[in-house]
Every structure is written in C-alpha cells, then in structure tokens.
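Read through the structure below, which is laid out as structure tokens, and then see the notes.
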Amino acid sequence: MNFEKKSTKKKQEAINSAPKKRNKKVGVTLIKVFAFSILLIGIIGIATGLGIVKAIIDSAPPLDLDDVNPEGYATMIYNQEGLEVQKLHGDDANRIYAQLDQIPKHMQDAVVAIEDERFWNHNGIDIQGIFRAIYRNIKSGDITGSGASTLTQQIIKNNVLSTEKKFERKIQEQYLAIQLEKEIDKKQILELYLNTSPFGRGTLGVQAAANAYFNKDISQLTIAEAATIAAITQRPTYYDPVVNPENNKDRQRIVLKKMLEQNYISQAQYDTALAEEVYAHIQIINQDIGLQSDYSYFVDEVIREVLEDLKVQKGYSESEAFNLIYRGGLSIYMTQDLAMQAIVDEVYTKEDYFPPASEMYAVRVMYTVSVLMSDGTTKHHYDESEFSTKEKADAHIETLKAEWAKEGDEIIAEKSLFIPQPQSAMVIMDYHNGHVKAIAGGRGEKIGNQTFNRATQAKRQPGSTFKIVAAYLPAIDTMGYTLGTAIDDVPFTVSTGGGSYSPKNWYNHQAFNYRGLTPLRTAIKDSMNICAVKTLYDIGPQTGFDYLINLGFTTLVDTELVDGKTFTDKNLALALGGITHGVTPLELTAAYGAIANNGVYIEPVFYTKVLNHKGEILLEKEPITRTVMKETTSFLLTSAMQSVITGGTGTLANFKSMPIAGKTGTTQDDVDLLLTAYTPYYVATVWMGYDQPKTMNYSFSYHSVIWRDVMQRIHEDLPYKDFPRPSGIVSASICTESGKLAVGGLCDHDPRGSTIVSEYFASGTVPTESCDVHIKATICESSGLFATEYCPADTKKEKIFIQRPEPLVPANWDSRNPPRIADHQYELPDSMVGEYCNIHGPAFEVPVVELPSETDFDPLDFPENEESEE
C-alpha cells in the first residue's frame, strides 16, 4: 500500500477545503445579517404603519349618532352674477323615512344580498370581503380599485366623513364602522342605510325611490321592483332605470341571482321576478315625494358636470358624489346668463316658432298603465305613439284602456306624457372662455329632473354643418386650398370597398343639377354637396377625421365591429355629416366656437367653481384649451360663412346690427335641421327634428328664425364690432372659374358677366399663375367655326369660352338621365376643336385663338369687383 501518497492527498484536500469552509461561514453570516435587516425593516415598517394608522384613527371625527342620520346641508346654485338660482334639497325634501317594519323583507334582503352579503355576521368590516377585493384588484391590475365597504361603512362614508384622501378615509371609515356596530344593533343600521342612501333622481331612501319609480308605497313593491331599486345605489346615474334601463336590468338580474344563492327567495320566486316586466311602467312623477321638478335643463347639466368632476378629479364614487351634491351644502357657481336664458325660454314657449299642427305628427304620447286583473295578478302596459293633435292622442289612450282593462279588471296606476313634435334644442356659448350661457333642452313641459336634454345628450346627424369642419377647414389649414380654389361640381363617383359612392346635390333645377367650376367660397355659401365630398376625397378622410377629433367630437367611430359588420366614420360620407352615431348640439357649438375664436378650441363648461359648506374651493373649472387651426384659417372660414348668412342658405338668420358667420345643416330626407352660427360675441346652435327621426316637409326654416330672434335680442345692447382680421391676411383679384390670377380682357368678358373678384388669402397662398380656364377665339358667324384670314371682317366675332382643367367624360353619364351642368354651354364645343371656316376660302391649321399672357394683367392693380366679399 502507498500510504505516503494517500497522506499527501489528504493534506491537499484539507488545504483546498479550508477556503470553502471560510466562504461557507461568511455566506451564513451574510444571510443572517440580511434576514435580520429584513426583520428589522419589517418591524420598523409595521411600527410606522401602526403609528400612521393610529394617527389616522386619532384624527377621525368623534362618532355622534346624530351624524349618521343627518338633516344635511342644502346645496345652493348661483348664476354668473352670484345671484341664487336654485336650492338643491338633500334632506327631508326628497326623503320619506320608513321604519324597518314598514319596509318589506324582500326589499331589505335585496339590498343586503347585493351590497353586503355577510352583513348579519361581521362587526362592521368584512375581512373576507376585503381580501377578496384586494385579490380582485391585483388580478385586474387596478390597485386603486373598489374595496369591500359594508352597509355600516357606507353609512359612515355618506354621512360622517368628507375627506378626499381615499386611504385616510378608508381607515377612519373602518374604525368608525366598528364603533357604530357597538352603539346600535344590526336592524337599526339597516334601517339607517335604507333611509339615507341615494337611489337616483334626487331621492334618498327606498320609500322615496318606490314613489319615484313605481308610484307605490314601499310596502307594495314586488320582488322584481325591490331588486330594481337595490340595483341603483352603487352608481345612481349609470343604473338609473329611467335613463339607462338596460344597465339597471343587467344589475337587477345580479341582485335576484344573489338573493336566490343566499336563500332569500325560492327558485319559483326568482323565476317570477326575472320574468316580470318592471321597466315599461317606471314613472317619473311630480308629487309630494321630494322629487324636485323645478330644476331647469341648465341646472340638470350643471349637476351632471359637477357629479362627473367629483368622480374624475376628486376620486369620489358616484354614490359619494351624489350624496355630496344633494346633502353637502355646496355652493355651485354656474356660467348661465339669466337674461339670455329668459329670452331662450320665452321663444321656446311660443308656438309661432314651430310648425303648426297638421297631418304631420304634432304630439308624441307615452302612456303607461298598471292593471289589477280579475284573477289578482298585475299587468303593466306601455305604448308610445305620435299624433297630429292631442285630441287624437287622448282618443288613442281610451282605446288602449278598453283593450287592456276588461270588465272586472281595475286600473291601479296610469301616466300620460305628451311631448310636442317636432322637437328643438338650442345652445349659446361665449367662445372666448367656453362658458355656456343658455340652453333649451327641448320644447314643451319639462317632465322631471335629469330628463333627456336634447341640447347636450341628443346625438343627431350634423348634415352640412360638417362640410366646414370635416372638409374645408383641414383643406385650407394644411392642404393648400384657398377660398378661391375652383372645384368642379360635376358627376363624381368613387369606388368603395363593396361598390361605389356617388354623392348628389340638394338642388335639382330644371336648367341644371350641377353648377360646374365653382370657387370654394361659393361652395360653402350654397352648401354644395359634391364640392365638399371632392374636397374630402382630395385631402383624405383620415385628415378630416383627425381634425374632428381635435375639435372635440367624442362620438365618432374609428373602427367598430357590430354583428360581424365593421363600421367607421373615416369615409367620404363624413363630408356631408353621414356618421354612425351623430353629434350633440353642444359639441357642434364648441367646434364652431373654435373657428370664431381665432382657431382656439375651448371646452364648453356649465360652472366655474364649487365651494364646500365651509366656503373652501372644492372644484375649480379650468376648460380644456388647444389650438386646432391657424388664425388665418379661422378668418378665411369666417369670411366665407358670412356669405352663407348674407346671401346663401342661412339668410333667414341674418340681422343687420352685427356681423354673423355660420352654416346651415340639413340631413338626408330633411330629418334634421341645424344652424350653427356666431357673432363677434357668441356662438349658438339650433337643432330641430322629431324625437323619432322622420322627414319634415316644411318649406319654412323655423330653426333659422329661432336663431335670429334669440340672438338679435341678446345683441341689442352690445356695441357693434367686426370679426378681427389677423396679420397674414392679404387680398388679390382672381378669376372664380380657375381660382388663379384674373386676366383682363378675358375673365371680365365671360358671357355670364365678369368672373373677377377680390378674395382673401393667407400670406404665401396667393396664386402665382394666371387664369387658364378662359380662352378667347375669333369665330366666323357664317360657318360657326374658327375664323380664318379669308373670312370677311363683318363675319368675325370674338367670343370667350371656358376650357376645363379636367375634361368632362360624357361616356360615363347615364344616357337616360344625363347631367345638366350649368357652365357646360360656355365650353368650347367639341365640334369646333380643329375645325375652321369652310365657307370663306381654304382653312388654316392655326385658328385665331388668344390664350392669356402673364403680362396681360396685373391682379394687384385691378379694381375690386362689386361682388367681392369683404
């Protein structure tokens, strides 16, 4: 055996292992130090956290049982001068207190099932629910997502706490909830919740909600109706069963499902409730239930805007924001001008401003009835129809009653709402600051609060008003177009994905249905369809779409897939206002306000600031502002749209005491009528149409007269002033047929009269080329062909013709119905091209034809034409 070799090997191994042992000891030491550090940091963190929590708890307000059932502070709304306009009652004015034993068990159970399923077992906070909410929020990636507030916490949150710091409030809320559970029992807490929680439309508590939505005492509610009310409280506006019945229905089903799962109702009761039709007969009533009916459309919109800003800017839930508005003692300062609003209201109450009752529908009636059948069941019926007179509507209702309530049946509730037709809306805004000054949300009696506001919520097709904002504005702003650019109004067809698109003009005279070469100013003045579509085709629908988005339109569709079909508003129909969902009068007003405001868009606002009940600023409204076009573009469009009012489609809106610029809009089949126009002071829009879209066969532009009479009275005492002219605007004399520099002796000798006008241009866009549309030719009257040197002098005559930049293509026309193009007769006839007099001696190859010369005419020295627009 070689022991010496083995010994040497062991020594080597020992030597090699020594560093490893030392390294292992160092590693263990480092792990211990790291673990100790983590533990120490954890202890410090926990201690700090506990200290923070203790400080938050110590700063919590003392729990007073009177606080959890408060009278509340009334919110006051003031106009722009600081005068009190409206008082929003959040106390007993819209709450009817009901003892718990007066509230049916299924109403109690519905609320517990959807809001706090472990209510009867927890001590004020739901630990299981908290962990579930944390897991759900982490999984969704929303660490600021919803928590797990119990009914007790919600009482504290709605009635005791008002801090905007979400984390601090949550800790205090949980602490005070535990304290409240020690002070009163579960039944008292449930009673408080059912009487102090907001259930939409200004109602507080389930009794007021039962009256508001079903015209019933709380004791009469069915399971389905109770679930409908319970579905509201989380988000009172979103789940409003009147305005958003589909949203409420979805949540009502969840409520019923939870009631079934938690054994509050049987399967049979669940099936019956699920099948019950509650939405057809939900009624908005104006009775002594505290549901205010005297809020104007303007106040309604202020409340909506403040509610949204409290949620978005301050982090309130909808329920918290609702509670604060109606019970928080806020001071809300509106932008409304009461004098302007009074003028609008007066006009909208006069029947003379609207089409007379005729064979067209003049009234829309919504009739709801609940019938107690002879077998003890209750059936609800709803009908919506339109009639030429109220008498015919009344007769229709009597017929329905006889049909729905037979002998032995009893009508236990009914409601009729008569809404005059056609309807109308108006918005007036100061475009210098975005302040909305007055609105009309509709005509006829306002049937309740937070009802449909046509000025801010009606999405209707904008028609020809979009020609400006979708086509001409971007074309002038970035694509090199000018007010003199000549567009050929002739048949136009473009291929689309599944076929072709051929727009038509609104005019169809016996003499013509196309006008031919037309300057952009005239295309705007006379609202010419094909010119607008060709312009959008040239600049690209994407460009027009992008400008519209920047102008504040929120309803446009980029790409939308519905039932396997793809919808988009990025197409040529955009130029004529043919869009998927329509736009509101408010957004249209703001977009035109940007043109009036030297190219600066300002978001429309209905209030300026909100103070809390201590007088501290809670919200301060700073409108969104952005530049959306060049100043020169806004001036040029304003100048062109002045032509609309002075001599185009909007002349009925004109009044002489102030310059006006605007654009009319009429949709296909005269379904919607619009006028959006502005002065150096204000911009306003008037819309008119049926609530259920249908053709209006009226030859008189009632909407334009409404705009004129309202705005004329508003401007009576305002000093006259012109629209400002920015630097960078110059004038030049051009030919309207070519859009190029006019040529003396040609353009002023057009057989229709001179085509020379003085036009405005942005610096750098004045044309540098001379008119190439007009040509002068010497004709032999004997032959009707080009004259030659052999033609006697007395047979020669100089004539001016036009020569299109792009020749017409008659081969593409419908031979059965060829287009009638107004300027086609002034073109050099095809039969003359290359043909010379064959009567007086041999024909020559070169006719006597004069083309314009660059030196023939200096446009800047040419006297301004009488027809030029200033």
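Name every residue in the range 745-771 that is assigned to a loop (DSSP other than H, G, I, E, B) and in contact with a strand residue (DSSP E or B) (Cβ under 8 Å, 6 or more places away or on another chain), in order of residue number. Walk me through it before giving the result.
As a first pass, look at the range 745-771 and keep what is assigned to a loop (DSSP other than H, G, I, E, B): 745-746, 750-755, 763-769, 771.
Across the range 745-771, the qualifying residues are 745, 746, 750, 751, 755, 763, 766, 767, 768, 769, 771.
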Which of the residues that make up the range 223-233 are over 13 Å from residue 279 (Cα atoms) and among the polar types (S, T, N, Q)? 233
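Is it true that residue 255 is modelled with pLDDT of 95 or more and either within 26 Å of the chain's Cα centre (by Cα) or buried (at least 23 other Cβ atoms within 10 Å of the Cβ) (or both)?
Working: modelled with pLDDT of 95 or more: yes; either within 26 Å of the chain's Cα centre (by Cα) or buried (at least 23 other Cβ atoms within 10 Å of the Cβ) (or both): yes.
Yes; evaluated as a whole, the condition is true for this residue.
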Subset of the range 615-638 [at pLDDT 95 or above, farther than 30 Å from residue 73 by Cβ and out of contact with any helix residue (DSSP H, G or I) (no Cβ under 8 Å at 6 or more places or on another chain)]: 625, 627, 631, 632, 635
Would you pick out the residues in the range 722-744 that are surrounded by fewer than 20 Cβ atoms within 10 Å (Cβ to Cβ) and in a loop (DSSP other than H, G, I, E, B)? 722, 723, 724, 725, 726, 727, 728, 744
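Quick one: in the range 772-816, which of the residues that are part of a loop (DSSP other than H, G, I, E, B), over 18 Å from residue 749 (Cβ atoms) and among the aliphatic types (A, V, I, L, M) is modelled with the highest pLDDT? Break it down into steps so the answer makes sense when it comes.
As a first pass, look at the range 772-816 and keep what is part of a loop (DSSP other than H, G, I, E, B): 772-773, 781-784, 787-792, 803-809, 813-816.
If we keep only those that are over 18 Å from residue 749 (Cβ atoms) as well, we get 782-784, 788-792, 804-809, 813-816.
Among the residues that remain, those that are also among the aliphatic types (A, V, I, L, M) are: 808-809.
Values: 808: 83, 809: 78.
The selected residue is 808.
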Neighbours by Cβ (under 6 Å, 6+ apart or cross-chain): first from the range 489-507, farther than 17 Å from residue 576 by Cα and in the same structural domain as residue 818 (by TED's automatic domain parsing); second in a strand (DSSP E or B) and at pLDDT 85 or above: none
If a residue has to be out of contact with any helix residue (DSSP H, G or I) (no Cβ under 7 Å at 6 or more places or on another chain) and either buried (at least 18 other Cβ atoms within 10 Å of the Cβ) or not in a loop (DSSP other than H, G, I, E, B) (or both) to count, how many in the range 492-513 make the cut? 6
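Which of the residues belonging to the range 636-648 are in a helix (DSSP H, G or I) and within 18 Å of residue 471 (Cβ to Cβ)?
Start the filter on the range 636-648 by keeping residues that are in a helix (DSSP H, G or I), which leaves 636-647.
The answer is 636, 637, 638, 639, 640, 641, 643, 644.
Per-residue answers, yes or no, for (1) within 22 Å of residue 458 (Cα to Cα); (2) of a type in the set (Phe, Trp, Tyr); (3) without any contact (Cβ under 8 Å) to a residue 60 or more places away in the chain; (4) crowded, with 19+ Cβ neighbours inside 10 Å:
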position	(1), (2), (3), (4)
550	yes, no, no, no
557	yes, no, yes, no
560	yes, no, yes, no
563	no, no, yes, no
567	yes, yes, yes, no
572	no, no, no, yes
Within the range 749-760, take every residue that is more than 16 Å from residue 517 (Cα to Cα) and out of contact with any helix residue (DSSP H, G or I) (no Cβ under 8 Å at 6 or more places or on another chain) and give me the one that is modelled with the lowest pLDDT. 749
Hey, among the residues in the range 280-319 that are within 30 Å of residue 378 (Cβ to Cβ) and buried (at least 18 other Cβ atoms within 10 Å of the Cβ), which one's modelled with the highest pLDDT? 282
Can you find a residue in the range 255-270 that is out of contact with any strand residue (DSSP E or B) (no Cβ under 8 Å at 6 or more places or on another chain), of a type in the set (Phe, Trp, Tyr), touching a residue at least 40 places away in the same chain (Cβ under 8 Å) and within 17 Å of residue 117 (Cα to Cα)? yes
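Residues in the range 605-625: is at least one more than 30 Å from residue 325 (Cβ to Cβ) and either under 24 Å from the mean Cα position of the chain (by Cα) or of a type in the set (A, V, I, L, M, F, W, C) (or both)? Spell out how you get there, then give the answer.
Initial filter on the range 605-625 (more than 30 Å from residue 325 (Cβ to Cβ)): none.
The answer is no, given that none of the residues of the range 605-625 is more than 30 Å from residue 325 (Cβ to Cβ) and either under 24 Å from the mean Cα position of the chain (by Cα) or of a type in the set (A, V, I, L, M, F, W, C) (or both).
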Can you name every residue in the range 410-427 that is buried (at least 16 other Cβ atoms within 10 Å of the Cβ), of a type outside the set (Phe, Trp, Tyr) and without any contact (Cβ under 8 Å) to a residue 60 or more places away in the chain? 414, 417
Counting just the residues of the range 437-470 that are more than 20 Å from the chain's Cα centre (by Cα) and small (Gly, Ala, Ser), which one comes out surrounded by the fewest Cβ atoms within 10 Å (Cβ to Cβ)? 444
The listed residue being free of Cβ contacts under 8 Å to residues at least 60 places away in the same chain, on the phi < 0 side of the Ramachandran plot, charged (D, E, K, R) and part of a helix (DSSP H, G or I), out of 708, 713: 708
Of (1) touching a helix residue (DSSP H, G or I) at 6+ places or on another chain (Cβ under 8 Å); (2) part of a loop (DSSP other than H, G, I, E, B), residue 361 satisfies all except one. Which? (1)
Condition broken by residue 333, with the remaining ones in (1) farther than 30 Å from residue 78 by Cα; (2) in a strand (DSSP E or B); (3) at pLDDT 85 or above; (4) within 34 Å of the chain's Cα centre (by Cα) satisfied: (1)
Take residues that are under 30 Å from residue 74 (Cβ atoms) and at pLDDT below 65 and tell me which of the helices (runs of 4 or more DSSP H) falling wholly in the range 124-215 contain 3 or more. 166-183
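Yes or no, residue by residue, for (1) more than 27 Å from residue 276 (Cα to Cα); (2) within 23 Å of the chain's Cα centre (by Cα); (3) part of a helix (DSSP H, G or I); (4) free of Cβ contacts under 8 Å to residues at least 40 places away in the same chain:
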{"position": "306", "(1), (2), (3), (4)": "yes, yes, yes, no"}
{"position": "322", "(1), (2), (3), (4)": "yes, yes, yes, no"}
{"position": "325", "(1), (2), (3), (4)": "yes, no, yes, no"}
{"position": "347", "(1), (2), (3), (4)": "yes, no, yes, no"}
{"position": "370", "(1), (2), (3), (4)": "no, no, no, no"}
Just checking, does the range 817-837 include any residue being modelled with pLDDT under 75, exposed (fewer than 10 other Cβ atoms within 10 Å of the Cβ) and either hydrophobic (A, V, I, L, M, F, W, C) or more than 30 Å from residue 781 (Cβ to Cβ) (or both)? no
Is the range 84-97 home to any residue that is at pLDDT 85 or above, in a loop (DSSP other than H, G, I, E, B) and assigned by TED's automatic domain parsing to the domain that holds residue 186? no
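The values are calculated or read from the model by the stated rules, or taken from the named source; none is laboratory data. Since the structure is predicted, the reported quantities are computational estimates derived from the model, not experimental observations. For neighbour counting, all protein chains shown are included, and Cβ atoms are generated from backbone atoms with ideal geometry for every residue, glycine included.
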